[in-house]
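*Asks:* Dropping a structure here in structure tokens format, bear with me for questions.
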Amino acid sequence: MFENLTNKLGKVFNSLKKRGALTEKDVDEALKDVRVALLEADVSLEVVKDFIVKVRERAVGQEVLKSVTPGQQVVKIVNDILIDALGTANSPLEINHSPPVVMLLVGLQGSGKTTTAGKLAFYLKNKEKKKVMLASLDIYRPAAREQLRLLGEQAEVLVLPDSDGESPESITKRALASSKVQGVDVLILDTAGRTTLDDIMMTEAKNIFKLSNPSETLLVADSMTGQDAVNTAKAFSEILNITGVILSRTDGDARGGAALSMRAITGKPIKFIGVSEKLEGLETFHPERAAGRILDMGDVVSLVEKAQETIAEEEAEEMMKRLSQGSFDMNDMLKQIGQLKKLGGLSGVMSMLPGIGKLQKQMEAHNFDDKVIAKQEAIIYSMTKKERTNVGLLNASRRKRIASGSGSSVHEVNRLVKQQQDMARMMKKVGKVGGMGAFKNMFSGLGGNSESNMPNGMPGSIEEMQKMMGKLPMGGGANKFSGIGLPGFSGKPSKRIK
Amino acid sequence: MAFNWFKKLKTGLSKSAQKVEKAFTSVIGKKKLDENSLTEIEDQLISSDLGVNASIKIVDKLRNHKFELTSKNKEISKEMILQVVKDELNKILINSEKSLFKDNNDKPHVILLIGVNGSGKTTTAGKIASMLKEKNKKVVIAACDTFRAAAVEQLEQWASRTKSLFFKGSNSSDAAAVAFKALEFSIKEKADYLIVDTAGRLQNKTGLMDELSKICRVISKLNANAPHNKIVVLDGTVGQNAHSQVKNFNEQIQLTGMIITKLDGSAKGGVIVSLAEQFKLPIFAVGVGEKVDDLDIFKADDYSKALLNLE
């Protein structure tokens with residue numbers, strides 16, 4: 001089905017060889033197929049509808065990369081938004097309250113609560129070094145409590161002993177009291193499975209919730225769930241304060257659209273996924289993997305990513321060529337700022353560099369933050385096209401206009417111009433003298449999208465980095481780290497380092 | 001000349017325009033559904049897990065359907081539309097109405113229950129035993145889930161509730177060996193039925209799937225026809241993955257039917273419609289609750305009505 005879809009997308013857009021921005025028509029055509037893909041992956045219809053609206057808003061007008069079709073470009077955008085919508089990879093459990101911390105597991109019958117309870121206990125005991133107690137509140141399903149007891153034994157954690165004829169509410173109280181006495185860190189309450197339409201059972205869940213005041217109320221859901229995921233998520237989050245979702249049986253071959261439905265309806269993170277029948281079969285959730293599986297268009301996505309990388313490389317190459325000729329103008333500067341922003345701003349780039357911890361405090365002290373970048377961008381945007389290619393035009397009155405247009409002072413404009421000129425001069429020098437290799441690498445590091453570029457592109461040690469930067473007299477020279485191929489960010493006026 | 005021709009054409013057009021208008025105002029006659037209503041129905045079917053393709057197929061039939069309007073029914077009501085949809089569903093599902101309990105002389109009749117984890121096999125085993133007990137049949141239930149914690153105990157409780165004979169192996173013994181001994185035991189006991197409950201398994205786990213073939217192979221040594229029924233138990237909340245489940249189980253051991261459980265919740269289990277059509281398998285029963293008698297014989301019309309929320 002989805003190989004078909006990929007082919008189809010290719011076909012639809014084969015005729016459209018044009019490049020440029022995605023039109024509404026491009027997007028709508030592609031989204032028809034995306035809608036089917038999501039529904040076939042069991043994403044709930046209402047979630048699909050919302051999602052499609054979101055994608056349309058974001059996709060229309062976006063640039064189509066060279067060497068991919070508009071349809072492929074849309075698929076990539078869908079993939080990115082899907083990863084975003086699925087949430088973050090690591091949502092740790094709230095376990096650092098005063099003990100006993102209570103975790104309540106709820107869900108439909110057969111969703112995998114009891115097995116998950118055993119896995120959670122195993123995880124908390126071994127990874128978090130907690131003292132754990134398991135208690136079963138399932139007085140309905142035959143041998144449910146026996147099952148939990150056996151799992152507890154396997155995981156080597158405490159299990160609340162059974163006693164006949166007790167209500168789930170009173171077992172809850174007993175479990176709380178017992179875990180206090182025994183100095184338990186985490187108490188895991190495994191509840192009976194219930195259907196969403198069973199009022200009596202839903203009231204029971206509510207009572208247990210109130211009694212136990214859990215730090216985590218986890219909805220356990222089968223990753224093979226179909227459209228009903230949306231009802232399940234709604235019903236449980238209406239009566240309980242769900243804090244997270246655990247998806248069971250992701251080791252099957254289901255596309256797992258329920259993940260998106262659950263996440264969209266509860267608004268809560270997917271904290272774990274079940275990956276086998278064994279006790280250790282509990283893993284953290286990875287949105288990229290889940291998105292890849294739901295959409296099942298990995299080939300298209302990686303194709304577009306490749307194209308993006310190539311283009312970034314091409315751009316970097318082109319810029320290097322211009323730089324070595326000494327023609328570094330405001331447009332080039334703007335591009336550089338743009339590339340830096342793509343990488344998550346200054347702090348993003350810095351966080352990728354090795355041994356940066358020490359520097360970070362100094363950076364803060366020197367006003368070295370992302371606002372500076374935004375301001376510089378604004379100043380350049382306030383220039384006319386001509387001014388950007390020829391800063392010689394910038395007389396006093398033009399500078400005044402630019403300053404007021406960008407919400408900055410003439411002083412700041414002057415500083416930017418000076419930085420740009422310093423940079424242009426320096427580039428020319430570097431270009432002539434050589435040493436381009438290292439510098440070029442740095443650019444591809446900045447422009448590229450893959451982190452794998454970074455180790456080659458970026459200096460390996462802090463000393464190396466400082467040395468390299470020391471070579472680059474790029475304005476803002478109040479200190480050693482004025483560079484990374486960018487105009488200075490220091491709050492002080494520039495002073496060149498010779 | 002040209003003028004006359006134009007005039008003629010125009011009057012002709014206005015005549016037919018009048019006709020159309022009249023048809024609408026008089027309301028009696030035949031009318032097709034507009035696209036908005038069709039989309040609404042398609043959405044409802046998709047939301048019941050029918051799947052995109054099956055839903056589109058049914059909506060296409062609906063698109064060409066001419067609704068008979070009378071002075072009583074002046075507009076196409078939702079009710080009328082759903083009746084048509086129901087008929088379409090029934091056409092597909094009626095072939096899947098089949099009883100699990102035909103009289104047979106080949107005793108004990110062996111029923112093998114298989115399915116993914118948590119689909120409701122063990123509960124279904126208990127319920128089938130209860131149905132058979134009401135028919136005064138002698139039933140043996142065998143626990144071949146030797147993996148999951150307390151699976152044997154769970155089934156044992158069902159056996160005692162339904163007053164069936166119970167057979168189990170020692171812990172972590174081979175499932176096929178347990179099934180073989182259970183059949184030997186059932187023959188000795190002259191039981192009418194042997195219900196074999198197996199461990200839940202995901203259909204993409206080759207090793208576990210091969211175990212199913214082994215169970216069938218081994219018990220067929222005692223009776224070439226056994227297991228007489230190989231039934232996949234599907235969770236009513238399952239989505240389109242049910243296709244993969246039925247396909248893989250069917251390829252592995254050639255299923256004889258399906259049972260769909262947990263239809264007492266908000267899920268409709270609509271995927272069964274395209275499964276029934278594609279695999280031509282009977283639907284022996286539907287599970288509608290946790291109690292021992294909460295297993296109903298499958299009736300196409302009842303199911304279709306429930307799926308469409310029709311009275």
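The values are calculated or read from the model by the stated rules, or taken from the named source; none is laboratory data. As the structure is a prediction and not an experimental result, all values here were calculated from the model. All Cβ positions, glycine included, derive from the backbone under ideal geometry; neighbour counts span all protein chains shown. We work out accessible area using only protein heavy atoms, side chains counted, and drop any ligands, DNA or RNA first. Shrake-Rupley method; radii C 1.70, N 1.55, O 1.52, S 1.80 Å.
*Asks:* Give me the net charge of B:K205's neighbourhood, meaning all other residues with Cβ under 13 Å from the Cβ of B:K205; Lys, Arg count +1, Asp, Glu -1.
*Replies:* Local charge sum for B:K205: -2.
*Asks:* With springs only between Cα atoms under 10 Å, which of B:A129, B:A177, B:A142 fluctuates most in a Gaussian network model of chain B?
*Replies:* B:A177
*Asks:* While we're on this one: Keeping all protein chains in place and using 1.4 angstrom, which order do B:R201, A:R388, B:R148 fall into by accessible surface area, from largest down?
*Replies:* The most accessible residue leads, giving B:R148, A:R388, B:R201.
*Asks:* If you don't mind, another one. Considering all projection directions equally, how large on average is the shadow of the alpha-carbon convex hull of region A:95-146, in square nanometres?
*Replies:* Orientation-averaged projected area of the Cα hull: 4.0 nm².
*Asks:* Sort out for me the Cα centre separation of region A:78-94 from region A:277-317, rounded to whole Å.
*Replies:* About 13 Å separates the Cα centre of region A:78-94 from the one of region A:277-317.
*Asks:* Kindly list the residues of region A:159-191 that lie in the label zone of A:E128, defined by a backbone N under 17 Å from the point 7 Å along the Cα-to-C-beta vector.
*Replies:* So the set is A:159, A:176, A:179-180, A:183-191.
*Asks:* Step through the table entries A:K113/B:K133; A:K385/A:K418; B:K57/B:K86; B:K214/B:K247; A:K129/A:K278, compare each Cα-Cα distance with 21 Å, and write down the pairs that go over it.
*Replies:* Among A:K113/B:K133; A:K385/A:K418; B:K57/B:K86; B:K214/B:K247; A:K129/A:K278, the Cα-Cα distance tops 21 Å for A:K113/B:K133.
*Asks:* How many Cβ atoms of partner chains, on average, are near each residue of B:114-123 if near means within 10 Å of its Cβ?
*Replies:* Going residue by residue through B:114-123 and averaging, the value is 5.
*Asks:* Mind running the shape call on region B:93-228? Use the C-alpha gyration tensor, a ≥ b ≥ c as the square roots of the eigenvalues: rounded below 1.5 for a/c, prolate if a/b tops b/c, oblate otherwise.
*Replies:* It is rounded, given that a/c, with a ≥ b ≥ c, falls under 1.5.
*Asks:* Rounded to whole Å and sorted largest first, what semi-axes of the equivalent ellipsoid does the C-alpha gyration tensor of region A:170-301 yield via the square root of 5 times each eigenvalue?
*Replies:* Details: eigenvalues 177, 65, 28 Å².
Here the semi-axes work out to 30, 18, 12 Å.
*Asks:* When the Kirkwood radius is taken over all Cα pairs of region A:34-138, what Stokes-Einstein diffusion coefficient follows at 4 °C and 1.567 mPa s, in µm²/s? Walk me through the numbers on the way to the answer.
*Replies:* Numbers: Rh = 17.8 Å.
Estimated diffusion coefficient is 73 µm²/s.
*Asks:* Hull surface divided by four, with the convex hull built on the Cα atoms of region A:258-329: how many nm²? Write out the running numbers ahead of the final one.
*Replies:* On the way: hull surface 34.8 nm².
Average of the hull's projected areas for region A:258-329 equals 8.7 nm².
*Asks:* For peptide A:105-115, how many partner chain Cβ atoms fall within 10 Å of a residue's Cβ, on average?
*Replies:* Whole-number average of other-chain Cβ neighbours for A:105-115 is 5.
*Asks:* For region B:60-159, taking Cα atoms only, what is the radius of gyration to one decimal and the Dmax to the nearest whole Å?
*Replies:* In Å, with Rg to one decimal and Dmax whole: 22.3, 66.
*Asks:* Another question about this same structure. For B:140-149, what's the mean count of beta carbons from other chains sitting within 10 Å of each residue's beta carbon?
*Replies:* 2
*Asks:* Count charges around B:L308 for me, please; just the other residues with Cβ under 12 Å from its Cβ, Lys/Arg as +1, Asp/Glu as -1.
*Replies:* After counting each charged neighbour, the total is -2.
*Asks:* In the structure shown, do any of B:K102/B:K280; A:K268/B:K78; B:K61/B:K121; B:K135/B:K221; A:K180/A:K206 have a Cα-Cα gap over 30 Å, and if so which? Provide the component values of the computation, followed by the final result.
*Replies:* Working: B:K102/B:K280 19 Å; A:K268/B:K78 36 Å; B:K61/B:K121 36 Å; B:K135/B:K221 28 Å; A:K180/A:K206 22 Å.
Pairs exceeding 30 Å: A:K268/B:K78; B:K61/B:K121.
*Asks:* Here's a follow-up. Across every pair of different alpha-carbon atoms, what Kirkwood hydrodynamic radius in Å does chain B reach? It would help to have the intermediate numbers written out before the result.
*Replies:* Working: mean 1/r = 0.0457 Å⁻¹.
Computed over chain B, the radius equals 21.9 Å.
*Asks:* What is the set of long-range amide H partners of A:T217 at a cut-off below 5 Å, with H atoms built 1.01 Å from backbone N?
*Replies:* A:L104, A:T243, A:G244
*Asks:* Beta carbons within 10 angstrom, averaged per residue: use that to sort the peptides A:143-149, B:110-116, highest first.
*Replies:* B:110-116, A:143-149
*Asks:* Just from the alpha-carbon atoms, what are the Rg and Dmax of region B:155-311 in angstroms?
*Replies:* 16.7, 50
*Asks:* In units of 2.2 N^0.38 Å, what is the alpha-carbon radius of gyration of region B:131-208?
*Replies:* So the Cα radius of gyration is 1.12 times the expected 2.2 N^0.38 Å.
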